[in-house]
1. Using label points projected 7 Å from each Cα along Cα→Cβ, tell me how many nm separate residue 356 and residue 152, to one decimal.
2. Listing 349, 195 from the residue with the fewest other Cβ atoms within 10 Å to the one with the most, what is the order?
3. Could I have the simple spin-label model distance between residue 167 and residue 312, label points 7 Å from Cα toward Cβ, reported in nm to one decimal?
4. Mind checking which lysines have their C-alpha under 19 Å from residue 361, skipping anything on the same chain fewer than 8 residues away?
5. Just add up the charged neighbours of residue 206: K/R +1, D/E -1, any other residue whose Cβ is under 13 Å from the Cβ of residue 206.
6. Within region 336-356, what residues put their amide N at less than 13 Å from the label point 7 Å along the Cα-to-Cβ vector of residue 374?
7. Size of region 47-147 along its principal axes in angstrom, Cα-based, largest extent first?
8. Could you list 113, 376 so that the one with the fewest beta carbons within 10 Å of its beta carbon is first and the one with the most is last?
Amino acid sequence: MKTCLRLITFKGLAVSPHNSRFHCNGFGDSVSLYSFRSQYLYSTPAPTHFLVKYLVDSLGFSEKEAILASSKVTSCKTPKNPDLVIDFLIQTGLDKTQMKKMVSAVPKLLFSDASKTLKPKFQCLMDLGLSGSDLVNVVAKDTQIIERGLDTHMRPTIDLLRRTLGSDDNIVKAIKRFPWLLTFGARHIMETNLLLLKNSGVPDVRIKELVLRNPRCIVKIVPQRFKGLLHRVENEFRVPRDSPSFLYGFQVLTSQKTSMLDRKFGVFKSFGWSDDDILEMFRKQPFCVGLSEVRIQKALNLFMKELGFEPAYLVSHPAILGYSLEKRVVPRMQVLKILDEKKLERRKLALYSVLSIAESKFIEYFVLPYKYQIPDLYKPLKKIVAP
């Protein structure tokens, strides 16, 4: 059972719940708090017994589920009237399963004032277009949403997002992708970072795409680092600000530590790539640098050591590196190998074309014409294409 610890003082002894040690005035000895807890520490039991019973009786929690949910509550107060909260959630259109999911994630909802706290905030979310399971998911993942100020934080953040994204539908898309967007304690960080993008000459339409695609990087990176990353993309990686790759390159750098980038560049160099090769690839397809070291190693082993392609070809067609080896590259290479071993005439396409065409086109070009001669030719593709 949880306990609420209070500062106790008596005869020169000070005990703080934030320190596991205390000092006896006049003696200078440091004494363990734990050895005196039962004798000197006043504690007030948290009302977990009430909450557990309420969750079981009212929302159909199992006892184990109720105990787990109750363990998330740190308040020492008993909910005044949790029935009003449940009634309110029902009025918003949530069914019992949805309410259970929400309360399980955020049991402190039951301690809230339904009319003064929950109703205006939930109404604000519903006015955006969030309802049902979407509303539940946002509240369940963003446990701070009932604590943030409606007028001091949530609404100003929504106004900022509306100016950036242009519509409530887009705001909902961004929130569903990053549920903490409305209550993350960095609205001013987001505002500053958006301004940095505009001042860098990034068109509004691309800023909008970035926020929709990756809202996390706008709110979680402090402006000083944000500005530094923009500078690196342009000056260190030589990607022009007006290039479609500029923001993609920025996103890649936001997720990579310098040490990690150095290791990945080292993998490319071990296969004979120059710095210029790596930079040119980055300018064309920044996501290639975002691949894991293991994946980069496997791709280069296949394309360069097994298939014999030089860095220049891969630099010119970097998208190849991003294709799944197991689901796309290897099965298609196996099909072509079988055709060549049997000396059957086939279309002569460059590697890039073979890998980039749609699956249906690949089957049309390299499988169906040989279905009677090689009935099993389809096997390498069965795992990724329905028969």
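1. 5.4
2. 195, 349
3. The answer from the label model is 4.8 nm.
4. Output for residue 361: 327, 337, 348, 371, 379, 382, 383.
5. On the way: positive: 198, 208, 213, 241; negative: 204, 209, 242.
Every neighbour counted, the sum reads +1.
6. Those under the cut-off are 336-347.
7. Computed over the Cα atoms, the extents are 37, 24, 21 Å.
8. Ordered by Cβ neighbours within 10 Å, fewest first: 376, 113.
Each value in this text was obtained by applying a stated rule to the coordinates, not by laboratory testing. Everything numeric in this text was worked out from a predicted model, so none of it was measured. We place every Cβ from the backbone using ideal geometry, glycine too, and count neighbours over all the protein chains shown.
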